[in-house]
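K.L.:
Below you will find the structure I want to go over with you.
The values are calculated or read from the model by the stated rules, or taken from the named source; none is laboratory data. Predicted model only: the values in this text are computed from it and were never measured. Protein only, heavy atoms only, side chains kept; ligands, DNA and RNA dropped before computing areas. Shrake-Rupley method; radii C 1.70, N 1.55, O 1.52, S 1.80 Å.
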Amino acid sequence: MHSKTATTEEPAAARGAVAIITNRRGELLLHLRDDIPAIAWPGHWSLLGGGCDPGEAPA
């Protein structure tokens, strides 16, 4: 009897890009995330950025 082995695909790695924007005084431009529990890091300050769509370059 042959055993059937199920093949599982590895999930694709999440890809994204962020921008670190400063002025001449060295101050950073940050984004205050919405305070919505369903999103990652709600109510926290973060760098500007986002995820990449399939086939999209981070640049």
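K.L.:
What is the residue count in the range 39-59 for residues that are part of a loop (DSSP other than H, G, I, E, B) and under 18 Å from A14 (Cα atoms)?
P.N.:
We begin by selecting, within the range 39-59, every residue part of a loop (DSSP other than H, G, I, E, B); these are 39-44, 47, 52-59.
With under 18 Å from A14 (Cα atoms) added as a condition, the list becomes 39-41, 47, 52-59.
Summing the residues that are part of a loop (DSSP other than H, G, I, E, B) and under 18 Å from A14 (Cα atoms) in the range 39-59 gives 12.
Conditions tested, residue by residue: (1) at pLDDT 95 or above; (2) open to solvent by less than 70 Å² (accessible area, probe 1.4 Å).
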{"site": "A14", "(1), (2)": "no, no"}
{"site": "R24", "(1), (2)": "yes, no"}
{"site": "E27", "(1), (2)": "yes, no"}
{"site": "P42", "(1), (2)": "yes, yes"}
